[in-house]
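Values quoted throughout were computed directly from the atomic coordinates according to the rules given, and no laboratory measurement underlies them. Being a predicted model, the structure only gives us computed values, none of them experimental. Don't worry about glycine lacking a Cβ; one is built from the backbone with ideal geometry, like all the others, and counts go over all protein chains shown.
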Amino acid sequence: LRCENIQELLIEYASDELAPAQADQVQEHIASCAACRESVRSLRAILEAIWEAPSIEPTHLEVAAATASARAALTPRVVRRPDTAPLGRLGDWAFALGSVLVLGLAVAVQRAFSEPGLLRAFLADAFSQPVVLVVCFVSIVIVASFLPICMARRGIPNGNGTCSGLQKPFMTR
Amino acid sequence: VERLSDEELMAQAQNGNVQAVDLLVSRHYGLVLNFAYRMLGSRETAADVAQKTFTRVFASARTFKIGKRFKTWLCAITANLCRDELRAKAGKKEASLEELQEMAGDAFAAAGTAPDAADEAALRILGEELWEKVRALPDKMATPLILHYRDGLTFTEIAEVMKVPVGSAKSWTFHAIRRLRAELTGNGLLDTEGEVE
């Protein structure tokens, strides 16, 4: 072994990380090389200062604070709730149909109020044709019934800051 | 639950198990605190960084890939936060060499002539100066040095933490040791025989 080739080996030798065969070779070299022997001594002094520096002990308060922060920050993986909505996709179609009907009704009412005389004619028509009333009533019932279901299925925030469509994390405690 | 590995606990934490979170924090808080302390030199700042580390770990729990080592992931996050902290306080004045030498002189004077007390004081001063020098090293040298010689991580693990080849992690560590030796020898804290004065 030559001095210039074993500088890294000297560090590993000083920290006792060399395989026995290599350690023997370095041992043999430093026995006859004063410079490398001194090098190993100074490296050992530094490594011992690193190893022997006392560790700091965490306090209960620090661990408790870190635990509380960690718990608060935990964002589990979210899993979509299995499709448990009553009527399944039918609810979506009913919601869409109801929405169209209600929108049509809203336009009709707006026009009736914007043109004097039309309102009376409109109401008279509505009362004379019960089917119109039935359609309006059914539309409102459909929308009112399926709105929450559709919101839940689509994961729309429900106003409590949570998302009703997402499954709560499985608590394995 | 106590018998589960870190990675198994992390998988449970990903599903919202807070008991797994508690256990991971209590297992590794000491490691994170001490690593941050060695990098930053202030217990108070180290405790802040440790708390931020665990907050970040569990805030991004869902990004943890199963099959990865939790400890290296944790160390990587700690190292990043320490680097941010060091950058933030980069403008602050560090203890000058003169101040350190004065501290050393005071300690030797206080130790009197008793050889044991003098050795102890010398070791303490070497330790103090050493850690100042470690903290003055570039991050890429200080991080593997502390992780390897203080926290017992292998160079393979350190390479994973630092996202560099194993050879680079090892080479920076050895550079760090050589630079420390040169600087401490220059300050007279290591005599020519390599022993503590």
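Determine by what factor the alpha-carbon radius of gyration of segment B:18-84 differs from 2.2 N^0.38 Å, reporting the quotient. Don't skip to the end; give the middle numbers.
Values: Rg = 11.5 Å, N = 67, 2.2 N^0.38 = 10.9 Å.
Ratio of Rg to 2.2 N^0.38 Å for segment B:18-84: 1.05.
Residue by residue along A:16-26, Cβ atoms of other protein chains within 10 Å of the local Cβ number 0 on average.
The alpha carbons of segment A:1-71 stretch over 58, 20, 18 Å along the principal axes, in descending order. One decimal place: the segment A:Asp125-A:Asp16 gains 29.3 nm when fully extended, by the rule 0.36 nm per residue minus the C-alpha distance. Panel order for A:Cys36, B:Cys75, A:Cys3, by other beta carbons found within 10 Å of each beta carbon, from fewest to most: A:Cys3, A:Cys36, B:Cys75. Computed 3J(HN,Hα) for segment B:77-90, one whole-Hz value per residue from the Karplus formula 6.51 cos²θ - 1.76 cosθ + 1.60 where θ = phi - 60°, is 5, 4, 4, 5, 5, 5, 4, 4, 5, 5, 5, 5, 9, 4, glycine and proline marked x. For segment B:128-193, the list of trypsin sites (Lys or Arg not before Pro) that fall in a loop by DSSP and count at most 16 other C-beta atoms within 10 angstrom reads B:Lys163. Per residue of B:75-88, other chain Cβ atoms within 10 Å of the residue Cβ number 0 on average.
In sequence order, segment A:53-70 has phi-based couplings of 4, x, 7, 8, 8, x, 8, 4, 5, 5, 5, 5, 5, 5, 5, 4, 5, 5 Hz under the Karplus curve 6.51 cos²θ - 1.76 cosθ + 1.60, θ = phi - 60°, and Gly or Pro positions carry x. Annotation: peptides B:46-56, A:64-74, ranked by per-residue average of other Cβ atoms within 10 Å with the highest first, follow the order B:46-56, A:64-74. Under 5 Å from the amide H of B:Gly16 lie the amide H atoms of A:Arg77, each residue being 5 or more positions distant or on a separate chain, with H modelled from the backbone and absent for Pro and chain starts.
Between A:Ile140 and A:Val109, the modelled labels are 0.8 nm apart [label points 7 Å from Cα along Cα→Cβ].
Checking every one of the GluC sites (Glu not before Pro) in segment A:13-60 against DSSP loop status and a limit of 15 other Cβ atoms within 10 Å picks out A:Glu17.
Among A:Val100, A:Val143, the ranking by other beta carbons within 10 Å of each residue's beta carbon, starting with the fewest, stands as A:Val100, A:Val143. Among the listed pairs B:Lys65/B:Lys140; B:Lys71/B:Lys140; B:Lys133/B:Lys163; B:Lys52/B:Lys170; B:Lys89/B:Lys133, give every one whose C-alpha distance is greater than 20 Å. Violating the 20 Å limit, Cα to Cα: B:Lys65/B:Lys140; B:Lys133/B:Lys163; B:Lys52/B:Lys170. For B:Leu190, the amide hydrogen comes within under 5 Å of the amide hydrogens of B:Thr185, counting only partners 5 or more places away or on other chains and with H modelled in the peptide plane.
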